[in-house]
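What follows is one structure encoded as structure tokens, with my remarks underneath.
The values are calculated or read from the model by the stated rules, or taken from the named source; none is laboratory data. Keep in mind that this is a model prediction, so the values were computed, not measured. Reconstructed Cβ throughout: ideal geometry from the backbone, glycine too, with neighbour counts over all protein chains shown.
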There are 4 protein chains.
Amino acid sequence: MTPLSGIFVPNIVPYDAKRRINEDEHRRSVRWRGGRGVTGFYPNGSMGEFIRLSYEERKLVLKIVVEEAGGRPILAGAAEPNVDLVLEMCKYCADLGCRAVSITGPYYYKLTQESIEAYFRELAAKSPIDIVVYNIPVFANEITVPVLKRLALDCPRIIGTKDTSKDMCRFQMTLHEIKGQRPDFGILIGWEELLCTSLFMGADGATLSSGGVVPEVVMKIFREAKAGNWNEARRVQFKLLDLFTLMVSAPNFPEGFRAGYELRGFQAGHARFPLSEGEYVAIEDMRARLACILAEAGFTDAALSCRCKNPTPAGIEPADVAAIVRAVLEKLQT
Amino acid sequence: MTPLSGIFVPNIVPYDAKRRINEDEHRRSVRWRGGRGVTGFYPNGSMGEFIRLSYEERKLVLKIVVEEAGGRPILAGAAEPNVDLVLEMCKYCADLGCRAVSITGPYYYKLTQESIEAYFRELAAKSPIDIVVYNIPVFANEITVPVLKRLALDCPRIIGTKDTSKDMCRFQMTLHEIKGQRPDFGILIGWEELLCTSLFMGADGATLSSGGVVPEVVMKIFREAKAGNWNEARRVQFKLLDLFTLMVSAPNFPEGFRAGYELRGFQAGHARFPLSEGEYVAIEDMRARLACILAEAGFTDAALSCRCKNPTPAGIEPADVAAIVRAVLEKLQT
Amino acid sequence: MTPLSGIFVPNIVPYDAKRRINEDEHRRSVRWRGGRGVTGFYPNGSMGEFIRLSYEERKLVLKIVVEEAGGRPILAGAAEPNVDLVLEMCKYCADLGCRAVSITGPYYYKLTQESIEAYFRELAAKSPIDIVVYNIPVFANEITVPVLKRLALDCPRIIGTKDTSKDMCRFQMTLHEIKGQRPDFGILIGWEELLCTSLFMGADGATLSSGGVVPEVVMKIFREAKAGNWNEARRVQFKLLDLFTLMVSAPNFPEGFRAGYELRGFQAGHARFPLSEGEYVAIEDMRARLACILAEAGFTDAALSCRCKNPTPAGIEPADVAAIVRAVLEKLQT
Amino acid sequence: MTPLSGIFVPNIVPYDAKRRINEDEHRRSVRWRGGRGVTGFYPNGSMGEFIRLSYEERKLVLKIVVEEAGGRPILAGAAEPNVDLVLEMCKYCADLGCRAVSITGPYYYKLTQESIEAYFRELAAKSPIDIVVYNIPVFANEITVPVLKRLALDCPRIIGTKDTSKDMCRFQMTLHEIKGQRPDFGILIGWEELLCTSLFMGADGATLSSGGVVPEVVMKIFREAKAGNWNEARRVQFKLLDLFTLMVSAPNFPEGFRAGYELRGFQAGHARFPLSEGEYVAIEDMRARLACILAEAGFTDAALSCRCKNPTPAGIEPADVAAIVRAVLEKLQT
């Protein structure tokens, strides 16, 4: 048995002018990412705004991904609001042939670790599809490492975890506590900044928001790491920091990534959640800076949006940018 | 124009053996609370587990409350997951004749205050029914006092706020900042421990989980406060602390209140979310202690569940209990 | 036995041009506050910057307070950095005739409640002077209510508590848990915003930073509350909010209160800790607004610093101010 | 110019029966660590309980380290409670020939980043010795990366930083933001769990509490990392996790490390801060488990304290331990 591994990329949900899902663009963007060599897909996660879609919309988003995946494995979010609905969604995912479902800790209420463990045990006992435990404490109840370890050792249906805690100490302890006793448990990092160090310490892979915008970059880091080319992996990792920081710092996640999508040629539409006028301006500004970095990095599809002669992201000297970009180009085009 | 005022009581959602909503018990419990003189009803809030119900179930819960309210005003939770669904629910509530809807800050994602303000402004502009802004930062994004003040001064549709922050300083500042410029803005406290002090400083009313279990007690405090009988109000407030602490400290809110419901004679069923075995035991233990306090306080419907000769809540001497209860009895039966 | 009660006012430490303690101004400000009828004094607390003084300086500050107290009781901060030094300071305070010492939870390290309890038990066993347990969780380790209760019931030397947690629920629970079993335990509130509600629920008194700037106002609230004139107490409380908010919101506590001192006629000197240039400007601006409120409130000593014809604090209309101030004047001058 | 680099090890302060500093043991333990090849020493940091010592005691601790350092460089804690005292201590350290001083963000009060920057700028302008900015947000005010970057680019006296935030993302961003523009700025990690990943991403070195207990282990990781033997470095890092977790999880830091000192043959004495009886038992238990791990790892000085035939740390199978230890032994003895 080999653990779940590789990079599973989530998607922005594109909307049309009436805030309905733009099915064509969604379909096209899945194909596009597949064409860039991503390992698999990760719909209905946090970046996919699962929480803001209706139950039927989540099914629609997933169905399209399945149809366009070209056989690549799918890890599908199934964090529905109660046990019965989670299990219903698990069945739907199983029927569509997904590889596994990803389930966050419960959100809204603050629950005890005891009952969170009971929750996952009940799901593991009844689910017709493999489960990945998704830890994202900034949005939902944390699942602690001791709970995760007991679940990993007791429940065959639970085949891995995805960690978006931004906490390298926790991630490392997860590897240390579980891998020795269950080597086929897939341990994925869910935070771009920790991609390289996580792979270095033994992670099996990742799910990364940036993967939807620059799949070429995240796949490059993954491939170099797997090949043991740590110097290369590290160099590209530092480049990824600039892109990621810009997108993740934009107001109201995932709006920064929506801007990135558009720069790569997709009509992402307006957010389903209102932004203030100031925030629209901030995102426009951020998009302009992102366009320049992408353009110089050789992403020609983004070049049209770069309106500056000498692209200068805030706080970075033009000379630095040129050097950075040249380095990225060399890495990426080889 | 007079502000929204009085005590609006939420409900536990009772389930049957298959975790479906037990409509008959829900219907009966609404009538029962109405018969105990509550000002109005507050379905689909945090205690009502709105987040764990399906969209259709939330409509069902509300419809039953409307049918059994006997004309008492209804403040209905409408914190749906996106703007369009919130507005759809607002229309539903308006059509049923509710007094207003209560809307939390968005949950799951962490959003900026700017966009939270934009969110409420859009709702206020489009809603066919009055809106109460519900601040519950432990579960959902906080709405700060400056944002709330601007909304209160600019949006006629926003007619009040409900505060469950447990923060008396914030509540007092809300009164201080808004009441002078918009006296008809209803300011409700949403935390039992602060009921008496909030009314003392000028609150218009409250929504209180305990109101579903001991409506007699919370209405007593409200009436005494409104009559200026502060010594009486304060004495009963300290008694309420014991009941509330027991219920709110039980694992996995609102399970402690579910136990309270059962003691008052309702079949609340099992929670829709699994608890650990240890937690079931803890809640049984808590229920036994609660039964004794209720029994001695003269709630004869709870007396049958009191299995002890000398009810002794943890850390309280029997003699103390007797004295406490006698005092409560005197207050409540007069 | 009656509990410790009344308002104990702390002091700003005035510095000269070389950042040494300005003994004359300190002496004069103690006399001045005594002349305004404060119950007692509270040197070497958080406002008194105990943590930034040397050991010998703390002794000097206290000695001057003792000499100028005119027989009023003194509650002296003694939160020295280890047990032996705390006890040494306790002896010093006892020898000077202080009423009691106030000791915070340990700061810097995060300690367990078990060892914090052991710490206070050791101090209680060895101290030659009564102890007040000072809870200020924003700066030092919290002392939880169960620990405080056990200390209160077991240790005669521990005669009270001062609570600066800003948490009314906690304060109320402290009253509820301890007063019934040890009525002579003095329970003081340490946060201005909660003065009126705390007294209403049964507090014995307070220590308040504002007491150093507007002793007239805080003593007014205390007297009205003790006389049962709750409407008066509440009205003045809302006025105090404006003064306090201005001072406590200034950058780098206690610098806002230092500005207040100066407005009442004392040379407070520059802070012992550097501020940025922007912060000096912010404090100047805040001082100007404070001067106007104080001037209009009839504090003629502050009138000279009011440079505006129509003092208008931010966000408050001139007409409102006039009304507010007239009300305060009436209250304060009667 | 080369940046500050290598591993600087702090010390436990050993006490005698009267809670005075045990000078002889302190002296002996410095020599012992020097003999095990540590890069340098780090007295008067958090592990060295600087906050619980008197000013004179801190000078004594440092003086002994200087006398026994055998020429190894010393990074001395100088986080005194106000600017003048910090500068006085800086002069003392300079006179003794220390390499640099380490200064935490201010503790107790919560200060703005603006004034924290002003604080370090004033120190940098006046200090006669190089300064390392010590970020330890769990105990003292954080110094954000943008502030740190400005200090690094503007102040020649500030030559490095030590980061104990446990936050790999922050550490990586510190490297990314500063190293490119000031390559001679020394960036040290102050948290064991992140030693290997930090060195992998470009850290210059570390200060580590474990270095006082198992200097052999931390120096091994450092040397392997510097030689590019990443597989070796990573393997020993995972072993270090077990030792470190045991010591850092003991109640009341740094008591777990005190137990480790004793196991290596030093009389550390009792803590200067009281522990509860339960905590003494917990530390005894932890010491027994630590002894076994150390004994099996070939630290023969610790073997005498291992009272078990088959040392089995909680949650680890004996077979696992044997394998672990053999691996460590091989690594360490080569």
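Taking the criterion of being touching a strand residue (DSSP E or B) at 6+ places or on another chain (Cβ under 7 Å) and more than 14 Å from every other protein chain (Cβ to nearest Cβ), the residues of the stretch C:35-59 that qualify are C:Val38, C:Thr39, C:Gly40, C:Phe41, C:Tyr42, C:Pro43.
Consider the stretch D:89-110 and keep the residues that are within 14 Å of another protein chain (Cβ to nearest Cβ) and assigned to a loop (DSSP other than H, G, I, E, B). The one that is nearest to D:Glu142 (Cα to Cα) is D:Gly105.
Residue count for the stretch D:179-199, restricted to those that are within 14 Å of chain A (Cβ to nearest Cβ), buried (at least 21 other Cβ atoms within 10 Å of the Cβ) and not in a strand (DSSP E or B): 10. Taking the residues in the stretch D:60-88 that are within 14 Å of chain C (Cβ to nearest Cβ) and of a type outside the set (A, V, I, L, M) as candidates, determine which candidate is surrounded by the most Cβ atoms within 10 Å (Cβ to Cβ). Taking the candidates together, the pick is D:Gly77.
Every test in (1) away from chain D (no Cβ under 14 Å); (2) at pLDDT 95 or above is passed by A:Gly212 save one, and that test is (2).
For the stretch C:200-232, a tally of residues being hydrophobic (A, V, I, L, M, F, W, C), crowded, with 24+ Cβ neighbours inside 10 Å and not in a loop (DSSP other than H, G, I, E, B) returns 5.
Could we say that A:Ala259 is within 24 Å of A:Arg27 (Cβ to Cβ) and touching a Pro at 6+ places or on another chain (Cβ under 8 Å) here? For A:Ala259, the condition - within 24 Å of A:Arg27 (Cβ to Cβ) and touching a Pro at 6+ places or on another chain (Cβ under 8 Å) - is not met.
Of these, A:Gly34, A:Gly48, A:Gly40, which one is among the small types (Gly, Ala, Ser) and within 22 Å of B:Tyr109 (Cβ to Cβ)? Result of the check over A:Gly34, A:Gly48, A:Gly40: A:Gly48. Scanning the stretch C:1-39 for residues that are of a type in the set (D, E, K, R) and touching a Pro at 6+ places or on another chain (Cβ under 7 Å) turns up C:Glu25, C:Arg33, C:Arg36.
Check whether at least one residue in the stretch D:148-163 is under 28 Å from A:Leu195 (Cβ atoms), in contact (Cβ under 8 Å) with a residue 40 or more places away in the chain and out of contact with any His (no Cβ under 6 Å at 6 or more places or on another chain), and report yes or no. Looking through the stretch D:148-163, at least one residue is under 28 Å from A:Leu195 (Cβ atoms), in contact (Cβ under 8 Å) with a residue 40 or more places away in the chain and out of contact with any His (no Cβ under 6 Å at 6 or more places or on another chain). Considered as a group, the residues in the stretch D:255-290 that are outside any loop (DSSP other than H, G, I, E, B) and of a type in the set (Phe, Trp, Tyr) include one that is farthest from the other protein chains (Cβ to nearest Cβ), and that residue is D:Tyr261. For the condition over 21 Å from B:Ala225 (Cβ atoms), surrounded by fewer than 23 Cβ atoms within 10 Å (Cβ to Cβ), aliphatic (A, V, I, L, M) and touching a residue at least 40 places away in the same chain (Cβ under 8 Å), C:Leu241 qualifies. Against the test of being over 19 Å from the mean Cα position of the chain (by Cα), facing another protein chain (nearest Cβ under 8 Å) and not aromatic (Phe, Trp, Tyr), the options B:Ser127, B:Ser115 yield a single qualifying residue, B:Ser115.
Note on the stretch B:219-254: residues that are under 30 Å from B:Arg272 (Cα atoms) and either of a type in the set (A, V, I, L, M) or within 9 Å of another protein chain (Cβ to nearest Cβ) (or both) total 14. Restrict the check to the stretch A:11-23 and report whether at least one residue is farther than 17 Å from A:Lys162 by Cβ, at pLDDT 95 or above, in a loop (DSSP other than H, G, I, E, B) and within 12 Å of the chain's Cα centre (by Cα). For the stretch A:11-23, residues farther than 17 Å from A:Lys162 by Cβ, at pLDDT 95 or above, in a loop (DSSP other than H, G, I, E, B) and within 12 Å of the chain's Cα centre (by Cα): present.
Considering each residue of the stretch A:149-168 in turn, at least one proves to be among the β-branched types (Val, Ile, Thr), at pLDDT 95 or above, buried (at least 18 other Cβ atoms within 10 Å of the Cβ) and farther than 15 Å from A:Gly105 by Cβ. The residues listed here are B:Ala118, B:Ala140, B:Ala76; of these, the one that is in contact with a Pro (Cβ under 9 Å, 6 or more places away or on another chain) and assigned to a loop (DSSP other than H, G, I, E, B) is B:Ala140.
Per the listing B:Glu177, B:Glu224, the residue uniquely modelled with pLDDT of 95 or more, touching a Lys or Arg at 6+ places or on another chain (Cβ under 6 Å) and not polar (S, T, N, Q) is B:Glu177. Within the stretch C:33-54, the set of residues being crowded, with 17+ Cβ neighbours inside 10 Å and part of a helix (DSSP H, G or I) comprises C:Arg33, C:Gly34, C:Phe50, C:Ile51, C:Arg52. The single condition among (1) free of Cβ contacts under 8 Å to residues at least 40 places away in the same chain; (2) at negative phi that A:His270 does not satisfy is (1).
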